[in-house]
Amino acid sequence: MNEISRPAPVYLLAGDPGGRAGRDPVLARAIESAGIERPSIAYIGAASGDDGSFFEMMADYLRLCGAGRVELAAMASRRARLERTRALLETADMILVSGGDVEEGMAVVEERGMASFLRELHARGARFLGISAGSIMLARRWVRWEDEDDDATASLFPCLGLAAVNCDTHGEREGWSELRTLLRLCPEGETGYGISAGAALLVRPDGAVEAVGGPVRGFLRRGGAVLGGSDLRPASR
């Protein structure tokens, strides 16, 4: 990890569930932000139970997009060697939180005592990026349902909060319904961002946000309702 005394910007990527042929320019830009050639990446796969085949597929794709060594920071299994995991996270040039199930991923991170450690690394300058559910895990909070068909059973739970935003990823086909539910449970004035497939949200330590690779949908909690806010569009690079 680079010796930096202040937090670094966090990249929140939606990923592309439909698959992308070739190099993803958004992911490549996030990896390039490490500022070194072929940065090493510690891969957190807690949201997918450290699935080995998924990790291998993602590692190949990360290397295609500019990464160097990619290693699994295992924590889902009770047999995971957490001392090795912490050492890997401390020394990697970047830390990636990958996709799967947000609630399951956060449960693993919390139960294995890694949440406070990841927050500490971020405060010390570690570079984080998330993909899909991993992006939501890096944000402030997410929502769970006792009954998936009844929003009255929805409740919030905290995520890592390394990116001081509420967000959802690739929910455009459903009109960002889960993000809207989350915001209805948030305090007045809270905002949220819908990150479409192929796009990313760059969140800076001062809270400034920037769309990367495509527009990002903005929402606002006001007057007890969730309204469409200002959409973010990528700046020319």
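The values are calculated or read from the model by the stated rules, or taken from the named source; none is laboratory data. Note that the structure is a prediction, hence the values are computed from the model and not measured. So basically every Cβ, Gly included, is an ideal-geometry build from the backbone, and we count neighbours across all protein chains shown.
Could you look through the range 191-225, keep only residues that are in a loop (DSSP other than H, G, I, E, B) and farther than 16 Å from Ile131 by Cα, and pick out the one that is modelled with the lowest pLDDT? Show your work before the answer.
Looking only at the range 191-225, we keep the residues that are in a loop (DSSP other than H, G, I, E, B), and these are 196-199, 204-208, 213-215, 223-224.
This time we only want the ones that are farther than 16 Å from Ile131 by Cα, so: 204-208, 215, 223-224.
Values: Arg204: 96, Pro205: 94, Asp206: 93, Gly207: 92, Ala208: 96, Pro215: 95, Gly223: 90, Gly224: 87.
Looking at residues that are in a loop (DSSP other than H, G, I, E, B) and farther than 16 Å from Ile131 by Cα, I get Gly224.
For the range 44-65, enumerate the residues that are over 13 Å from Ala107 (Cβ atoms), in a helix (DSSP H, G or I) and of a type in the set (A, V, I, L, M, F, W, C).
Scanning the range 44-65 gives Phe54, Phe55, Met57, Met58, Ala59, Leu62, Leu64.
If I ask for residues that are among the β-branched types (Val, Ile, Thr) and closer than 16 Å to Ala74 by Cα, which ones from the range 90-143 would you list?
Within the range 90-143, Thr91, Ile95, Val97, Val108, Val109 qualify.
For Arg38, are the conditions met, namely being in a loop (DSSP other than H, G, I, E, B), under 23 Å from Met114 (Cα atoms) and out of contact with any Asp or Glu (no Cβ under 7 Å at 6 or more places or on another chain)?
Answer is no for this residue.
Within the range 174-208, count every residue that is under 18 Å from Trp142 (Cα atoms), aliphatic (A, V, I, L, M) and surrounded by fewer than 19 Cβ atoms within 10 Å (Cβ to Cβ).
1
Scan the range 52-64 residue by residue and report those that are in contact (Cβ under 8 Å) with a residue 24 or more places away in the chain and either surrounded by fewer than 18 Cβ atoms within 10 Å (Cβ to Cβ) or under 15 Å from Ala115 (Cα atoms) (or both).
Passing the criteria: Phe54, Tyr61, Leu64.
Could you list, in sequence order, all residues of the range 205-220 that are of a type outside the set (A, V, I, L, M), under 19 Å from Leu27 (Cβ atoms) and out of contact with any Asp or Glu (no Cβ under 7 Å at 6 or more places or on another chain)?
Hits for the range 205-220 are Glu210, Gly213, Gly214.
Please work out which one of (1) part of a strand (DSSP E or B); (2) farther than 26 Å from Phe54 by Cβ; (3) touching a Gly at 6+ places or on another chain (Cβ under 7 Å) is the condition Ala164 fails and give its number.
The failed condition is (1).
Give the residues of the range 226-236 that are without any contact (Cβ under 8 Å) to a residue 12 or more places away in the chain and part of a loop (DSSP other than H, G, I, E, B), sorted by residue number.
Answer for the range 226-236, where residues must be without any contact (Cβ under 8 Å) to a residue 12 or more places away in the chain and part of a loop (DSSP other than H, G, I, E, B): just Ser236.
Is it the case, given these coordinates, that Met75 is modelled with pLDDT of 95 or more and touching a helix residue (DSSP H, G or I) at 6+ places or on another chain (Cβ under 7 Å)?
Yes; evaluated as a whole, the condition is true for this residue.
To keep it simple, each residue is scored yes or no on (1) polar (S, T, N, Q); (2) free of Cβ contacts under 8 Å to residues at least 24 places away in the same chain; (3) touching an Asp or Glu at 6+ places or on another chain (Cβ under 9 Å).
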position	(1), (2), (3)
Arg141	no, no, no
Glu146	no, yes, no
Leu160	no, no, no
Val165	no, no, no
Asp168	no, no, yes
Leu183	no, no, yes
